[in-house]
Amino acid sequence: MNAAVAEVRQANSGPLVQIRGLSKTYTRGKQKLEVLHHIDLDIARGDFFALMGPSGSGKTTLLNLIGGLDSPTDGSLSVDGKRIDKMGEGQLARWRAGNVGFVFQFYNLMPALTAQKNVELPLLLTKLSAAQRKKNAGIALQLVGLADRATHKPSELSGGQQQRVAIARAIVSDPTLLVCDEPTGDLDRQSAEEVLTLLQRLNREHGKTIVMVTHDPKAAEYASHTLHLDKGTLVEQQRTA
Amino acid sequence: MKYFNLVWSALFRRKTRTIFTLISIIAAFLLFGLLNAVRVAFTSGSDTLAGNERLVVASRFSIMTGLPESLKGRITAIPGVEGVGHENWFGGVYQDPKNFVFSFAVDEDYLATNPDILLTPEQRQKFAQTQDGALIGEALAARYHWKVGQQIPLQSTIFPRKNGDKTWPFTIVGIYKTSKDAANGLDQMFFLHWKYFDEGNMYSSHEVGWYVVKLKSPKDADKVAQAIDALSANSDHETKTQTANAFNASFAKQIGNIGLIVEAIMAAVFFTLILLTGNTMAQAVRERIPELAVLKTIGFSNRSVLALVLAEAILLLVIGGVIGLGLASVLAPALAKGSGGMIQLPPLGWVIWIEGVVLMIVIGIVVGVLPALRGMRLRIVDALAGR
């Protein structure tokens with residue numbers, strides 16, 4: 001399937017993410033490498049999407065494009081009606097700050113900051129006062145079940161706890177979209193289930209739209225839809241929940 | 001201020017490395033403070049207001065070559081001259097050779113030529129009436145806890161008495177204050193009678209070290225100086241007359257161009273500091289590329305990242321620099337005290353502090369700019385992928 005179109009729409013709302021004819025080509029020296037080829041995809045507001053596929057299939061590249069970390073070579077990419085493919089670096093940075101939360105495989109917390117200060121990081125870009133930032137970070141930590149670990153540094157937390165802090169950091173500025181790159185890839189089964197349950201809760205109870213890259217079919221079961229990519233092309237879409 | 005915690009935590013992410021870097025910055029700015037104090041000590045006497053109103057007449061050949069006492073009357077007669085006094089270097093030490101005392105044998109008219117020495121009429125009278133009398137500055141009195149009326153033995157490092165004894169007894173008859181414009185160290189002086197010195201020393205020669213001439217107007221300085229030098233032209237005691245400021249400056253230059261020496265040392269120190277701190281900052285940023293990528297991911301702009309890294313470098317320099325200059329502020333007076341007056345280091349003035357803070361910021365920018373540019377330019381997807 002060269003241009004699979006996945007349309008998942010909820011009643012009375014258009015797609016949050018709308019991708020048309022999206023391509024991404026990297027140039028390494030004289031070589032050109034097309035990583036994504038003419039992708040068409042709609043992701044509805046409030047959906048939980050899992051992106052699967054073998055290594056090198058382009059899933060992380062697609063995720064980076066959706067999250068505004070990279071720009072496409074061709075095609076259009078709109079999130080919440082905004083053409084992010086047309087934005088410059090500065091505009092993209094401001095857009096990411098207000099609209100997207102990121103969760104990485106290796107948590108990527110600041111090792112010298114406490115959990116509380118890590119969660120406060122995105123709020124530094126807002127006009128909130130120090131007290132408000134602290135309060136909001138506390139609420140986010142409470143939501144992920146780590147209020148009692150607020151003063152701990154990442155090295156004093158388990159992998160699962162660190163990932164939950166990373167999720168708190170991702171949701172603290174109340175973004176519409178959560179972008180997760182292998183969020184359970186570095187966790188044991190139990191911690192992975194806790195993290196996935198948390199993501200599912202954020203999706204179902206708080207209406208967060210989540211796009212998650214994973215290798216793990218069990219992780220993908222937590223999502224409402226699963227997309228498979230191969231060699232830069234969408235090959236299959238399944239409704240999983 | 002809201003980013004301070006972020007900058008501070010990044011700075012002390014590797015505590016040991018940061019502390020060692022801080023120590024080198026502290027050492028550099030400690031040197032900067034102390035060497036600048038040395039430079040000020042050597043040059044401050046060459047730029048006083050009163051220094052332009054006085055001429056110093058010394059031998060054309062060397063300050064160590066004496067001039068005839070008889071010259072005084074002829075200099076006094078020159079139009080434009082208000083008063084003439086003379087000095088001889090005494091070279092005194094108190095009890096121990098390390099307790100050096102800046103001591104000069106002066107005639108009765110000398111004190112009137114120096115308006116920066118503030119004396120009461122009673123002090124002047126007492127000094128004139130006491131053969132072994134000595135007038136001392138406030139700081140010197142405080143250093144050795146000397147009181148008026150106290151008998152003080154000073155050893156001359158050059159001039160023994162007629163009986164061969166190098167110890168000269170003196171009676172302190174006055175402790176003088178100095179004007180606020182006085183040259184650095186004037187409050188450390190010890191003045192004794194020239195007659196007592198000339199008649200009592202083994203090499204009594206009726207010669208004076210140099211004359212100090214008070215002018216009626218500073219505008220006449222060149223004219224009067226030429227007239228004074230003309231008095232001794234083609235004699236065996238030709239003179240060189242210059243303003244007191246110029247004389248002090250040339251006296252300091254006999255030791256060496258202190259300003260140039262200080263600048264050369266500081267250039268070497270700061271060049272090394274830039275290399276060292278620059279390397280530390282580059283390493284610190286290299287290690288934190290993924291963290292900087294995360295900051296950019298969550299919405300920090302390129303400029304914010306640039307500013308954060310620069311702020312980190314500047315903060316490192318400012319912390320080390322302020323501690324270094326603070327230590328210099330404490331050590332300079334302590335060194336002066338410990339040297340027994342041999343080293344006259346003035347307190348670190350606000351000019352040195354301002355120069356120091358400017359240097360800290362400039363060096364911070366210099367060492368931080370390349371790592372900051374690297375942080376600013378990093379591509380998020382490459383950095384997160386470890387490329």
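All of the numbers you see were taken from the coordinates with simple rules; none came from a lab. Model, not experiment: these values are computed from the prediction. We place every Cβ from the backbone using ideal geometry, glycine too, and count neighbours over all the protein chains shown.
Quick notes on this one:
- Distance in nm between pseudo-label sites at B:SER205 and A:LEU128 (7 Å out along the Cβ direction from Cα): 8.5 nm
- Proximal charge balance of B:ARG377 [Cβ under 11 Å; K/R count +1, D/E count -1]: +1
- For segment B:61-237, the relative contact order comes to 34 percent (Cα pairs under 8 Å, sequence separation of at least 6).
- A Förster radius of 35 Å, combined with the Cβ-Cβ distance separating B:ALA77 from B:LYS98, puts the computed FRET efficiency at roughly 0.20.
- Average beta carbon contacts from partner chains per residue of B:79-86, 10 Å cutoff: 0
- GNM remark for chain A: springs join alpha carbons under 10 Å apart, and the peak mean-square fluctuation among A:ASN118, A:ASN99, A:ASN108 falls on A:ASN108.
- When each of B:LYS98/B:LYS177; A:LYS59/A:LYS208; A:LYS24/A:LYS59; A:LYS86/A:LYS127 is checked by Cα-Cα distance, pairs over 23 Å: B:LYS98/B:LYS177; A:LYS86/A:LYS127
- Mean Kyte hydropathy of 1.0 or more with a Cα span along the axis of at least 30 Å, helices from DSSP in chain B: B:15-43, B:258-287, B:302-338, B:350-377
- Among A:SER78, A:SER155, A:SER173, residue whose mean-square fluctuation peaks in a GNM of chain A (springs only between Cα atoms under 10 Å): A:SER155
- By the rule of a C-alpha distance below 18 Å, with chain neighbours fewer than 8 residues away ignored, the aspartates and glutamates paired with B:LYS180 are B:ASP47, B:GLU53, B:ASP116, B:GLU138.
- Amide H contacts under 5 Å for B:HIS86: B:ASP107, B:ASP109, B:TYR110, B:VAL212, restricted to partners 5 or more places along the chain or on a different chain, H placed in the peptide plane at 1.01 Å from N.
- Within 10 Å of the Cβ of each residue in B:5-13, the mean number of Cβ atoms contributed by other protein chains is 4.
- Residues whose amide H comes within less than 5 Å of that of B:GLN150, counting only those at least five positions distant or on another chain, are B:ILE172 (H built at 1.01 Å from N in the peptide plane).
- Backbone N atoms of segment A:86-113 closer than 19 Å to the 7 Å Cα→Cβ label point of A:LYS218 belong to residues A:105-106.
- The B:THR120 and B:LEU276 beta-carbon pair, evaluated with R₀ = 60 Å, returns a calculated FRET efficiency of approximately 0.60.
- Partner shielding of A:106-117 amounts to 4, given as the average count of beta-carbon atoms from other chains within 10 Å of each residue beta-carbon.
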